[in-house]
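Everything on this sheet refers to the single structure shown next.
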Amino acid sequence: MGGEKGRYHYNILLAGVGEEGQKKLLASSVLLVGAGGLGSPAAYYLAAAGVGRLGLVDPDVVELSNLQRQILHRTADVGRLKVESAREKLLALNPEIEVEVFAARFSPENAASLVGRYDVVIDCTDNFAARFLLNETCLALGRPFVYGGVLAYAGQVMTVVPGKGPCLRCIFPQEPGPEAPSTRELGVLGAVPGVIGALQATEAVKYLLGLGDLLVGRLLVYDALFMSFTEIKVEQNPTCPACA
Ligand SMILES: [Zn+2]
């Protein structure tokens, strides 16, 4: 593990990480719900960092139109299960970790058993039904999760630590209706989920190592056209349908 030629040398050099921190990462686990635009960069960085066990949940197969942003997948992967394609790339990057894959929709039937097996969860979904289920499951099991969302040239990220601040439904009490704008209509610049997914991986590593200040109660909004990050303070909502 150590030595200046070791895989984790530049982690171990970091103040607050060291050999101890690296051992912690290798003994940690992260579940990524979604192996697409957000899941790709998030999983790559977590695998590279040596998070010892990653879980990937996604029922979909790779489509040609995914490749513009879902950088775990390649042209030859079109038609393959995303989780299989993802596992192959992640293990090629770092064969020292374990990658568990679940080719299934994240659903009320499997949510608790999946979330319960990991230390931290990353929301790499693309719809509010799945996000709300993830929010409720993580609150019930006391698991932290990192929310991320992207649309067109913008993205946002927030970390939810149950009992330590607001949850996702403190911000979004209701699921947006079908008239709400979606990436299916407005598109998304590929590098935007790259930024947001990398931030989500950063938050997960910070949580696992107890480093710095998490985005708890702080919704970070990224605007790629303006090239700005804006922080919105979020309080716990005393009438939140999920955590009140
Ligand atoms: Zn709440």
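Summing Lys, Arg as +1 and Asp, Glu as -1, what charge do residues with Cβ under 12 Å from the Cβ of residue 142 carry, residue 142 excluded? Spell out each step's value before the answer.
On the way: positive: 143, 164; negative: 119.
Once all neighbours under 12 Å are counted, the net charge is +1.
Pull up the DSSP beta bridges for the chain and report the antiparallel fraction as a percent, rounded to 5. Don't skip to the answer; put the middle values down first.
On the way: 18 of 36 bridges.
Approximately 50 percent, going by the DSSP bridge assignments.
Could you give the accessible area per residue of the chain, probe 1.4 Å, as a whole number in Å²? Please report the intermediate quantities before stating the final value.
Working: 11440 Å² over 244 residues.
Here the residues of the chain average 47 Å² of exposed surface.
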>> Viscosity 0.692 mPa s, temperature 37 °C: what is the translational diffusion coefficient of the stretch 76-201 from Stokes-Einstein with a Kirkwood Rh over Cα pairs, rounded to a whole number of µm²/s?
In response: 204
> Just for the Cα atoms in the stretch 14-233, what are the lengths along the principal axes, largest first, rounded to whole Å?
Replying inline: 49, 43, 39
> If eta is 1.567 mPa s and T is 4 °C, what Stokes-Einstein diffusion coefficient results for the stretch 152-244, Kirkwood Rh from Cα pairs, in µm²/s?
Replying inline: 89
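What number, in percent, do you get for the relative contact order of the chain if the mean sequence gap of Cα pairs under 8 Å and at least 6 apart is divided by its residue count? Show your work: numbers first, answer last.
Values: 496 pairs, mean separation 48.6, N = 244.
Relative contact order, the chain: 20 percent.
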>> Residue by residue through the stretch 116-130, what is 3J(HN,Hα) from phi via Karplus (6.51 cos²θ - 1.76 cosθ + 1.60, θ = phi - 60°)? Round to whole Hz and write x for glycine and proline.
In response: x, 8, 10, 7, 9, 10, 10, 7, 10, 7, 10, 8, 6, 4, 5
>> Through the Karplus equation 6.51 cos²θ - 1.76 cosθ + 1.60, θ set to phi - 60°, convert the phi angles of the stretch 11-25 into ³J(HN,Hα) values in whole Hz; use x for Gly and Pro.
In response: 6, 5, 5, 5, 4, x, 10, x, 4, 4, x, 5, 4, 4, 4
> Which peptide among 98-107, 54-63, 172-181, 30-39 comes first, and what is the full order, when sorted by highest mean count of other Cβ atoms within 10 Å?
Replying inline: 30-39, 54-63, 98-107, 172-181
> Here are some pairs, 164/233; 5/206; 206/233; which of them have Cα atoms lying more than 18 Å apart in this structure?
Replying inline: 5/206; 206/233
>> Computing the accessible area with a 1.4 Å probe over protein heavy atoms, can you report the carbon and sulfur percentage for the chain?
In response: 55
> Using θ = phi - 60° and the Karplus curve 6.51 cos²θ - 1.76 cosθ + 1.60, what whole-Hz ³J(HN,Hα) does each residue of the stretch 196-208 get, with Gly and Pro shown as x?
Replying inline: 5, x, 5, 5, 5, 5, 4, 4, 4, 5, 4, 4, 4
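The values are calculated or read from the model by the stated rules, or taken from the named source; none is laboratory data. What you are looking at is a predicted structure, and each value in this text was computed from that prediction instead of being measured. Please note: Cβ atoms are built from the backbone with ideal geometry, for glycine as well, and neighbour counts cover all protein chains shown. For the accessible areas, the whole protein counts, side chains as well, though only heavy atoms, and no ligand, DNA or RNA atoms are used. Shrake-Rupley method; radii C 1.70, N 1.55, O 1.52, S 1.80 Å.
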